[in-house]
Structure formats: structure tokens, C-alpha cells
Protein chains: 4
Amino acid sequence: MQLGMIGLGRMGANIVRRVVKDGHECVVYDRNRDAVKAMAGEDNVTGVSSYAELAEKLSKPRVVWVMVPAGDITTGVIEELAKTLDTNDIVIDGGNSYYRDDIKHAQMLADKGIRLLDCGTSGGVWGRERGYCLMVGGDDDAFNHAEPIFATVAPGVDAAPRTPGRDGEVAQSEKGYLHCGSAGSGHFVKMVHNGIEYGMMASLAEGLNILRNADIGTRIQKGQGDAETAPLANPEYYQYNINIPDVTELWRRGSVIESWLLDLTAIALHQAPDLKEFAGHVSDSGEGRWTCIAAIDEGVPAPVLTSALYSRFASRRLDEFADKALSAMRKQFGGHDEKASG
Amino acid sequence: MQLGMIGLGRMGANIVRRVVKDGHECVVYDRNRDAVKAMAGEDNVTGVSSYAELAEKLSKPRVVWVMVPAGDITTGVIEELAKTLDTNDIVIDGGNSYYRDDIKHAQMLADKGIRLLDCGTSGGVWGRERGYCLMVGGDDDAFNHAEPIFATVAPGVDAAPRTPGRDGEVAQSEKGYLHCGSAGSGHFVKMVHNGIEYGMMASLAEGLNILRNADIGTRIQKGQGDAETAPLANPEYYQYNINIPDVTELWRRGSVIESWLLDLTAIALHQAPDLKEFAGHVSDSGEGRWTCIAAIDEGVPAPVLTSALYSRFASRRLDEFADKALSAMRKQFGGHDEKASG
Amino acid sequence: MQLGMIGLGRMGANIVRRVVKDGHECVVYDRNRDAVKAMAGEDNVTGVSSYAELAEKLSKPRVVWVMVPAGDITTGVIEELAKTLDTNDIVIDGGNSYYRDDIKHAQMLADKGIRLLDCGTSGGVWGRERGYCLMVGGDDDAFNHAEPIFATVAPGVDAAPRTPGRDGEVAQSEKGYLHCGSAGSGHFVKMVHNGIEYGMMASLAEGLNILRNADIGTRIQKGQGDAETAPLANPEYYQYNINIPDVTELWRRGSVIESWLLDLTAIALHQAPDLKEFAGHVSDSGEGRWTCIAAIDEGVPAPVLTSALYSRFASRRLDEFADKALSAMRKQFGGHDEKASG
Amino acid sequence: MQLGMIGLGRMGANIVRRVVKDGHECVVYDRNRDAVKAMAGEDNVTGVSSYAELAEKLSKPRVVWVMVPAGDITTGVIEELAKTLDTNDIVIDGGNSYYRDDIKHAQMLADKGIRLLDCGTSGGVWGRERGYCLMVGGDDDAFNHAEPIFATVAPGVDAAPRTPGRDGEVAQSEKGYLHCGSAGSGHFVKMVHNGIEYGMMASLAEGLNILRNADIGTRIQKGQGDAETAPLANPEYYQYNINIPDVTELWRRGSVIESWLLDLTAIALHQAPDLKEFAGHVSDSGEGRWTCIAAIDEGVPAPVLTSALYSRFASRRLDEFADKALSAMRKQFGGHDEKASG
């Protein structure tokens, strides 16, 4: 079938490549004309230079995948695109949109008879090869119409051994995509997925930091602390120089924490055991925040996911005034001056 | 080669089976004679009824794997066993011992010329089939002597694709076992592994709970709160009935959080979507606690791992007095009575 | 001056009593006519039975304090009230409104030339005697006009020793009320105040729980744990029976944690050392949640305040599915059955 | 009565001054002779230059207060001092010792018939004027003998209004000192006190940081985020410039969070609203760590107190390797480069 693609960044371009490789036809647009030119030469790919041209080249009901940054940019693209589309056409928002925006966008499009599918897309730069895990929300009929595209973009059942007990016909979820429910549900599930991702990443990162400092007893003398600093009571227990790249490699086989994130960590540490190229300023891109806000709204505890989020904020020194306030209080009640170094 | 095994619980028995399957010979002891009888009939397995008999049946330097509960029981077994061993014999503590105990045990055995290898063993009930991930601490020579056993018990390099960049000769860590350093380092690394495991498990669990409550807007009326309870400001955003077993199955392919723990969660939820058989009282078995204590001693933050640990404590209602104190304060300053239900 | 009061619950009634005691005149309304009757007999208090009558009895520009539950009820009252007010009249929202609602309400009222002052009001049941700490947002002129009321309701400078360095003229903040900024700023500051309150309360509660369990070594035998439970390694360090009511009383004099919350805790524990009347289901009433959402929106870490919030959620067992998921995972990988009791 | 004092730092010297002012007699020693000279001239103060001279000048049973840094220094002083003392003499350890050390010290001294009282001492630089809150552990008879000293050093009942319900005879705890139980219990209670202090301080600091960033909507454009950074969805809600010194002053009267720590914060912010003199590297001095370790050992959740501790670690950048690991993972799965600034 035909798919329109708006946005030829890394993700958009790789999705197009998976789609055409499977025999579908893509009509592609990007506001950067060079990006369009770069893909237009490939098999089954047609480049266009406007939304109008895109609409013209697609047979109805049109299916257009929007893969642009979340927020105002996505809203703008959808609004603009809607002007060229007709009743029953389908817009897939495959970006990292806030699920609440999906609800608004779906309503806006519904007013024109256009249908929105929100599609959380996981897989990063590896997705072209591994396939993308797709979490889809929206109208049933629209989902059914677009399903062949999702099946192509997703990894497929062979990407993992079947879960014991899941025999016979292969379920949708086993193919790597899932219609999760009404508008916004796809991005809701993707949001929680990323929240979990933050937690898992932080779990690994904290653990590795504990291993990294397992030699602290060789660096700090027993009882060296003063009234300002806790002395290390038991340096004899912290005398280890752990080879962290080896440990992450080790855990990849037979351990309880086998995971793709561990695989990636092992790659990164094999390339650079000290991770010297990084400063440790960790960005966050929305879903982690929204997951925690959802937990708070629902009234369910999410201490691990929220701690992971806050650690990212702290990595960017956004707690500076709080820390200064602590030092100020300590000076007031105890006359403690700050120490030059931690 | 020959291996003595003390402790024929699930883990001990399965390790013996992996070892003999690979052509080694095992002499096995358990204080439960039935456990010994049950295995004694198997190929290459000899049952014994005392430490003395165990020592007699093994050629020197003997290698004896101790697989019994951590703490006083392990200490008792090692002390007793030491009486029947000779200089250069090797004791492998494969249980969940605190690494600080290893340091004591190693010193105690060293006084008799016996060598301790502490061996953190991950793999659970699946280890017999998948192999066990082994984290080993202790003397170099002792490790080298016992290495064939570790190689047999571990999963081997084929258990996972090689990490990109790791070409040529297969490293020890790639085979699924690693000599991590001096006495205690094996259990130290295993401890941190389990700490990470707690964090990853909690990440998944919290995320699933957020999905589970994505329908809260259908259960709570807008603005229904009173002075005692926060009203749900935006029920329109929480109208989803997410199929959680499907979602966990979905994430197994192509998502960033692919992991063995996710695989297991998908199994459990496929078997029982509501997890009704569980009350949600989550045990903790030492390593999670010790990991957090190590973080505190080292002075490094571990908010995610510690939150995961505390959630387990809370699941067992160990925060009851704290909660009562909060209610008491609320009553004092605001005249708030506790609500009948949360 | 004259003040209209809508809402004669505990807070509203007590504020009226402070206001009239200081010589001002109050016109009071409550949808519960008995509440109006109960106050109408008091000096300087006039009861009315409708918003129209309220408007009629107040000279312009009218000042009407709304003290009703936050959310839809407050919105409804303000909308209804606005119909009877005129340009330049002032509405004070003294409830626990979300500051974002203030912004909406202020805009809505501004369309009619009416001015909103949002007024975060702290003090609880003790406010009548101690005075209320008032955090006010909104228009400068409106604030200036209503200031005598705020000065009366607030505790006044004598409620605490002046801060060293603050000599000479008494600042607004020293009198116990503050014009914090534009619409919503009052409730924003009150929101953060309550967020801090949650954190301080939890700090005390957690600490008392640690004292409460300082005898755990007398209840749990050393090494009594099994593969499912961490044994207590060092029961000799947990042999204390701490008299917690005495400790909270003690800390009230000379300690760093002297605080009103500690005073209240000491009262509660003196009345009932075991706090047996409480089940430990701790409500939360909005501000704690909103504070954490503000932290997330701003991108600043608030791990302590958020942990305090999540503990309240957990006290109401809202983490149940997460806990079940943990038990299910443990069963899958380790064959662990849940223990009957924690 | 007579009191020996070893250690004339700020705390030791101020305690001596409270003691002699009340008519007692002090014999003082410090390894820094100048410190001794500086005090020796004061009324009722006798300076000595050795432990032997100290012992000689005190009548039996001697009472010697040791006020030196915790850890090896305190242990060394107690060991040395014990050589010059006799049966029934009393050593008060008033420093910040780990309560586990008290248990060891008490046993060591008991072997010589000398009695240890461990005395947690709160009050900081303000204690000389306010009195010190004293938490005492150890032998009953020893406590009773030394009680007049504790009564003098403590603030006394008048330091706070009596708790409603506490009428009639003034209890020990109301005077500002308390015999908490056996050896170590005093420092155990002091440890938890400081743990609570960490939590309260962090509660205030986090809240102030949220106020500080209430203007973030004026600094960040709506939707300005990119794929790497969460955009601020609702800048219209973060337009406030809050005067934080005024807010802390305000809260001192009538609010729920009235506290001495708030008083001190108000002082600090009045002196320097931007706290520019501080870098925000916050030390921790033992008790916060030990409190969290106690919580873990006891198996009770302490997420707030532990988060407060970890924030201090993070303020000293001790999470650097963890942050780098997060950036490395993000680069691996998403091709994300670190942003130059947070």
C-alpha cells in the first residue's frame, strides 16, 4: 500500500526504508528539500515539495505518517496537513507527542472527518535493522486500514522467542505492534515505556557507580573525616578495583538483568571504559516527566521512576539553589563553612 | 575434574547436573539424606553422608562448592568443612553471602592454608538450562584451578551475540564467568547485580501500575475530592483500559526495555492477567540492602536502587508507625480524621 | 471595614471571628442555613441567605472572601457570585485552589472588571488563636484595598521574635501576610508551603518509625532469615526500647528540629503513645501533588517532597498491582513463593 | 559539682561556659594549649595540661565530658583517659559518635569499672545561649550522678511552652535532656534526630528551589525544546518572580512549617538573598548515613531521609560516573549527543 511520510530525520527516513523494502510505496516530504532529494532516488520512494503534492500523489483513504518533533511543531504540521486531506484519510503521529495532545489533535481532525492514529515508536537508531516497537491508539477502522504498515515497521514475531504458553496463532502484540485503545492510548503506553526505560537506565547507572567506587577505601584514609565530613568507617571493605566493562559483558549471559540496555552499556564501555567523552549532563525528553505526572494524577507511587527523572535534573545542576540553601542553613546553625571540594 | 557439592537445594542440585553433564564427577552432600539419595543414582554423582567421607572421596587439591543459605549457616558449614580439608584445598561459596563475610571466611581458611573463592551465582530456577552467570572473587591460583568448573556452570559465549567490537579470542567475561578480584569481590559484584535487579524490577512494576490505573478517570468523578482528598482534576485523560499482558508481550520486540525480566513478566501476566494469586508482600533477601549500604558508605547516590528496596519494605507494611504518625499530625493541625478507605 | 464571607466551615467561621474581634464588620453566607444562623447572633456579624443579599449589604468596592472546597465548588461559587458584583469589587479566594485555577478565575472576573485576590491560608484549626499565615496573589490596588483584612487575619509581628538584622520598620512579611505577585502567586507559594509541610511531616514520621523499631534485635533472632528474607546481621545493635513520646517532647527544646509540627507530634504522642486510633491511611489534598508537578515542569529535582507524597499514596495501598508484579517476577525467576507475613 | 572537659572547640568551650555560669566548677583540657589558656582565666575554670592532672584535680567519682571529633579521635581519647581514671568514674562522650562505638567503648570502660554515658548534643553554635538538647544513654546510676550537669547544659522547661496535657511535675524530657536507655541509646536518638534534620532541611531547600524557578516560563520559550530536551508545555503558569527572603520570613508566623530551621533560613536569606557566597557543596557528617543504614537494617522505609542524604552526595558530584553511563546509553540507543548545557 501507499504511505506518505512527513519528516525525514533519522527516524522518519529509517521507517521509510523498512516500508519500501517490504514492497510498499512511500511519498515523502520534509521542509528541508535536501532531505527529500536524498531519499527520492531510492526504490519505491517519491519525493514531493508540498503537502498539496503529497495529498495529490496518495490514493484515498490516504495514510500519512508524521515524524517530526513533538509539541508545537507536530501540532503545526497536523493543522497544515489537515487542510489538504479529505474525510476518512488517516494521520499517523509517530513522534514523541504528549498523549494529551493526541486527544486534542484527534478531536480537531475528527471535525473534518480525518482520523488520527497516535503511534508511540520505540527503537532508536537500531530500529531500521531491528524493527520498531509500535504502540498505537485511535479509531478501530483506521487502525485496521493502516495495519499492514505497522506490521512492516514492527520487528515481527521472530524477533524474540515466543512466550511459553503463547502457542498457536500469533497475536498482534507478538508481532511488535499493538492497538492499545482510543486516541492517545498509544502515546500513553509509549510514555510509560520510556518512564520504565529511565528507571532501568538509572538502575544500571547507579549500580555501575557503586562498582566504580568500590576502591574508595584505597583513596580515603580511615577516620580521615572531620566535623564536616563523614569518615569512612570501614575502608577495608572498599578495596576493589572492578573492571566495569568486563562486568557488564559478564552480566549479558545468564544473569537476571540481561537486557538490551545492558548490551548497549557493554558496547559503550568496551569502546571507552572511562566514558571520558561524556560530561554527564543527561537530557530528558518529555516522556519521563509525563510518566511521573501521570503517576501523581492517578495517585500511585512511582518513586523509582521519579528518582530516575530527578537524577537527570540533578545531572544538569538544576538543584543549585537548593544546595546553596542547605549550605546556608548549615552555616547558620553549626557555623559550618563549605569545604573546598566535596 | 572432581567437584564436591554441599547443599542440594534447587540451586545446588541444578549446578551438579550441569557439571556432570559436561563430563565432570561430583561428590554430593546434604544434611537432608533424602536429597543425597535422590541424586546419588545419577551418572557421575556420588552421594556421601559426612564431610569426612566427602573429603575422602575427592582427590587433592579438593574443590568443594558450598551452596547453602547465607549467614550463620554458611559460616557453620565452612567452619565444619575446614576441619576435614587440607592445605591448598579450595572452598567455593556459591551462595548469597555478604561479601564482608567472605573476607572473614577467607582469612579464617587462609590460616589453615585453605583457599576460598566467593562465587556470586545468578540465574535462578532457569540456570540449569540457561547456565549461571558467575562472579568470582579470591586467590588467582585457586581460581585458575577451579576454572573448568566455572566454565561448565556458566552459559558460555553462545548464550548471547558478541558485543560489537569484541572480535577474536573470547574473553572470560564473554563466557559468563569472571574473576572479579580479591576475596569478596565476587559477592560484591553479585550484590550490586541484585541491587540493579531490584531497580529494574521496580521500574517495570511501577510502570505497569501506572498503566493499570490509566482508567482512574472512569472510576473517580471529576472534582469528587473533598478537603481530605485531592480531586482528580482531569479525568478525561485517564479513560484507558490497557491490556497489560499484551503490552508486556509487545515490548519484548524492538523496544528499548527488552530484558529477561520483561520476558518473565510477560509469562506471568499471560498466565494470570490480574496476578490474583499474589498478595503483594515482596520479600528482600539481603543483597538489595547491602547494595544501598555500600552506596551510603561510598558516599554515592543510589536513589533508584534504594527506592526499590524501600518499596519492598512498604509492601510488607513496615512503615505503619510512620503512617500513623502522619495521620496523627494531620489530625492535630487540621482536625482531619482518617478516611475509611484510601 | 466590611468583609463578606462565603463558606462558614471551620476555617471560614474562625476567620470571621478574628475579623470582627478586630472591629471589622462581616456579612456571612453559607449554603447551609444553620451555619449562617449559628454565627449571625455574634457581634458585628450579619447573616444573609443569598449572594444578592450579600452584595446588597456590602458597600462598594465590596470585598468578599470565598472559603469553600477547591475545584469545581470554588469555581461555581465565584461564577455565581460574580453575577451580583460590580466593577472594582474584590473576590478573595482563601481556599486551597490550584493556582492555575486562579489564573482562569482572575481572567474570568477581569472580563467584568472584578478583581481576584488568591489567598493561600495556613494555620489549620489553630489559626483562630494563632492567626493565619496569608500568601496573597493578584492586582496591587485590590491588595492595598483589602490589606486591613489581611493584617487582621494574620498573626502579626509579635507572633515570633524578629529575625536578626530586621530592625526598624516592620515589613509586610513580618506581620504574617505577603503580596507575592500576580494572579495565582499566592496559591503558588501556599502550594510549595504545603509541599514542604509534606516533606517535614514525613521526615518526622520516618525518624519516629526508625526509633520505634530500634528494638528489632530483640524480636528477630540473628541469622533467622532464609533464602526469602534478609536476616538481621547485627541484632546486638537494635536492642533499644525508646520512649517516643518523651523523645518528641525532648526535641522541643534546644534541638535543631524544633518546629510546630514537632510540637503537635508531641501532643499527639502524649495523648496516645501507640497512636492506636489511627490506621495509617494518609490522605493528600492537592498541594503536595501540585508541588511535585511544578518541580517536574520546572525541571528541578524534588526527591524529598515527592517521596513524601508517594509514601502517602503507598499508605493507602495504591501500589498494590506493582507489588503483585514484583512477587510475580520473583516467582518466575527464582521460584519464590510469597511469605505469609512480611 | 565538678566537671572535667576534654576538647575546647566551639561546642566544648560553650558547654563549659554554661556549666560554670550555673555555679559548677570545670577542669578543662585540650591538646591545643592555647585553647586551655584562653579559658583558664574564666571564673570557676581550671586549666590542666595532661589527663593525669585532670584526674588529680577532680574529686571521685570523677565526671569527664569528652567533646572531640567522632571516630578514631574519640576512641583514642577515651582509651588514654581511661588509664588515669578509677572505678565508678564516669566518662560522658558528648560528640557525634556512632552509637555502635559507644557500645564498644562502654564495654571497654566497663572492664575497668568505669562508666560511659553517651550524650547526643544538639544545638550548634546557638547552644550556649539556647541550651543544648541532650540525649543520653548508659548506666542508670551514672546518669543520676551526672544529672545536675545535664540539667545545667540543657535549655530547661521554660525554653518552650509546655505541651497541652503535660501539667504538674516537669518531666525530664521537658527540661531538655533525656536518659534514653542503655549504652548507645543516646547517640542512637541523636542520630535519628539528625536524620530528621536532613529531611527537614531538604524539604525547605527543595521548596525554595521550586519558588526560585517559578519564573522559568519567562526564561524558556514555549515549545523551545528539541528531540533532546523536554519543552516547557505551559510557560504561562511559570511567570512568577517570588521574593524568597520575604516568603521565608512570612512563613515564620502562623504557618504549619514554623521551625527553627526556617528561622535560620530567613536569617541567611535576609543577609544574602541569592546565597552567592555558597557553591552548594553540602557536607554530611555521619548521622544522616547511619540513620539510613539503621532504617535498612531494621527493614523500615526511609525514602525521605535517604533522598535528603543522596541529594547531599549529588551536590558534591559523586554521581558523575552514573551520569556519564546514562549519557553513554542514550548515545548508543538514540544517537543522542550530550547538549553543551543542561
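Details
- Across region C:54-209 the C-alpha pair distances fall into 5 Å bins from zero in the proportions 2, 9, 17, 20, 19, 14, 9, 5, 3, 1, 0, 0 percent.
- Value of Rg to Rh for region A:6-64, rounded to two decimals, is 0.92; Kirkwood radius and Rg both from alpha-carbon coordinates.
- 3J(HN,Hα) couplings calculated from phi for region D:180-192 with the Karplus curve 6.51 cos²θ - 1.76 cosθ + 1.60 (θ = phi - 60°) are, in sequence order, 8, x, 6, 3, x, 5, x, 5, 5, 5, 5, 4, 5 Hz; Gly and Pro show x.
- Selected from C:172, C:107, C:271 as most flexible by GNM, with chain C as the system and alpha-carbon contacts under 10 Å: C:271
- With 5 Å bins beginning at zero, the pair-distance distribution over Cα atoms of region D:132-225 amounts to 3, 11, 14, 15, 13, 11, 7, 6, 5, 4, 5, 4, 2, 1, 0 %.
- Listed cross-link partners B:57/B:175; B:324/C:331; C:83/C:104; B:104/C:331 are compared with a 24 Å cut-off, the Cα-Cα value being larger for B:57/B:175; B:324/C:331; B:104/C:331.
- Placing pseudo-labels 7 Å out from each Cα toward the beta carbon at residue B:170 and residue D:169 gives an inter-label distance of 7.9 nm.
- DSSP beta bridges in chain B [antiparallel fraction, %, rounded to 5]: 20 percent
- Shortest-first distances to equivalent copies, position residue C:110, nm, label 7 Å out along Cβ: 3.2, 7.2, 7.5
- Annotation: amide H of residue A:238 within the under-5 Å range of A:217, sequence separation 5 or more or interchain, hydrogens built in the peptide plane.
- Under the shape rule built on the C-alpha gyration tensor, where the axes satisfy a ≥ b ≥ c, the protein assembly as shown is oblate, since a/c reaches at least 1.5 while a/b does not exceed b/c.
- Simple spin-label estimate for residue B:40 and residue A:112 gives 8.3 nm between the two label positions (7 Å along the Cα-to-Cβ direction from each Cα).
- Within 10 Å of each Cβ in C:160-172, the average number of Cβ atoms from other chains: 4
- For the rotation that carries chain B onto chain A, the axis lies closest to a Cβ at B:259, 2, where the number is the distance in whole Å.
- Normalised contact order of chain D, rounded percent, pairs of Cα under 8 Å and 6 or more residues apart: 11 percent
- Between residue B:21 and residue B:1, the C-beta separation translates, for a Förster distance of 22 Å, into a calculated FRET efficiency of about 0.95.
- Antiparallel beta bridges, as assigned by DSSP with both residues in the protein assembly as shown, represent about 20 percent of the total such bridges.
- Shape of region D:270-342, Cα gyration tensor, a/c cut at 1.5: oblate
- Shortest-first distances to equivalent copies, position residue B:339, nm, label 7 Å out along Cβ: 3.3, 3.8, 4.6
- What the Cβ-Cβ distance of residue C:276 and residue D:144 gives, at R0 = 41 Å and to the nearest 0.05, is a FRET efficiency of 0.80.
- For the peptide C:65-78, the mean number of other protein chain Cβ atoms found within 10 angstrom of a residue's Cβ is 3.
- Residue order, fewest to most beta carbons within 10 Å, for B:331, C:190, A:175: B:331, A:175, C:190
- Measuring r between the beta carbons of residue C:162 and residue D:104 and using R0 = 51 Å, the FRET efficiency lands at 0.60.
- Stokes-Einstein diffusion of chain B at 10 °C, 1.306 mPa s viscosity, Kirkwood radius from Cα pairs, rounded to a whole number: 69 µm²/s.
- Per the Debye calculation on region A:61-121 with a single equal scatterer at every Cα and no solvent contribution, log₁₀ I(q)/I(0) for q = 0.30 Å⁻¹ amounts to -1.47.
- Panel order for A:188, B:150, by other beta carbons found within 10 Å of each beta carbon, from fewest to most: B:150, A:188.
- Summed residue charge, Cβ within 12 Å of residue D:246's Cβ, Lys/Arg positive, Asp/Glu negative: +1
- The amide H of residue B:4, built 1.01 Å from its N in the peptide plane, has B:27, B:63, B:64, B:65 as neighbours under 5 Å, considering only residues 5 or more places off or on other chains.
- Fully extending the segment from residue A:87 to residue A:241, taken as 0.36 nm per residue of separation minus the present Cα-Cα distance, adds 48.9 nm.
- Separation between Cα centres of region C:239-315 and region B:247-267, rounded to whole Å: 38 Å
- Test item: B:231-244 mean partner chain Cβ contacts at 10 Å: 6
- Neighbour counts of other Cβ atoms within 10 Å put D:174, A:206, A:147, C:169 in the fewest-to-most order C:169, A:147, D:174, A:206.
- Of interest is the spacing of the C-alpha centroids, which for region B:146-213 and region D:52-68 amounts to 58 Å.
- Karplus-derived 3J(HN,Hα), 6.51/-1.76/1.60, for each residue of region B:311-326, Hz, glycine and proline x: 4, 5, 4, 5, 5, 9, 6, 7, 9, 4, 5, 4, 5, 4, 4, 5
- A protection proxy built from the mean count of other Cβ atoms within 10 Å ranks the segments A:192-200, C:303-311, most packed first, as C:303-311, A:192-200.
- Helix content alone sets the calculated 222 nm mean residue ellipticity of chain D: runs of n ≥ 4 DSSP H residues at -39500 (n - 2.57) each, divided across all residues, give -14500 deg cm²/dmol.
- Take C:276-288, A:80-92 and order them by the average number of nearby Cβ atoms within 10 Å per residue, most first; the result is C:276-288, A:80-92.
- Under Karplus coefficients 6.51, -1.76 and 1.60, residue-wise ³J(HN,Hα) of region D:203-220 in Hz, glycine/proline x: 4, 4, 5, 5, x, 5, 5, 5, 4, 4, 9, 5, 9, 5, x, 8, 9, 10
- Annotation: amide H of residue C:177 within the under-5 Å range of C:134, sequence separation 5 or more or interchain, hydrogens built in the peptide plane.
Every number in this text was worked out from the coordinates using simple rules, so none of it is lab data. What you are looking at is a predicted structure, and each value in this text was computed from that prediction instead of being measured. In this analysis, Cβ positions are derived from the backbone assuming ideal geometry, glycine residues included, and neighbour counts consider all displayed protein chains.
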